[in-house]
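Contents: one structure, followed by commentary.
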Amino acid sequence: MVPCQETPLELAQRRVRDAQALVEKQKEHIAELAREKRDTSQAQAILSTFETTLRFMRQDLADCLKTVGRLPQ
């Protein structure tokens, strides 16, 4: 069986989707903590890290799209 390999573009797209899902899940977790009147500071710090990572992933995707000619320079 031949292993399935992603192209750099597919990898970048998957990473953005995964990072977006993490951000949304963390936001839901923060909302749940807030509803329970619990401390959200640590969860918000983690969200900030996830959002920063998502920005990097989106930039990587944009770079990949430029490379394959799907995004204006």
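Throughout, read-outs are computed from the coordinates displayed, never taken from laboratory work. Keep in mind that what you see is a predicted model, and the values were worked out from it rather than measured. Glycine gets a Cβ as well: all are built from the backbone with ideal geometry, and neighbour counts include every protein chain shown.
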Exercise. Scanning the range 33-61 for residues that are of a type in the set (Val, Ile, Thr) and under 15 Å from the mean Cα position of the chain (by Cα), which turns out farthest from Pro8 (Cα to Cα)?
Worked result: Ile46
Exercise. Restricting to the range 9-62, what's the tally of residues that are loosely packed, with under 14 Cβ neighbours inside 10 Å, part of a helix (DSSP H, G or I) and of a type in the set (Lys, Arg)?
Worked result: 5
For this session: Determine if the range 25-40 includes at least one residue that is among the β-branched types (Val, Ile, Thr), out of contact with any strand residue (DSSP E or B) (no Cβ under 9 Å at 6 or more places or on another chain) and touching a residue at least 40 places away in the same chain (Cβ under 8 Å).
Result: no
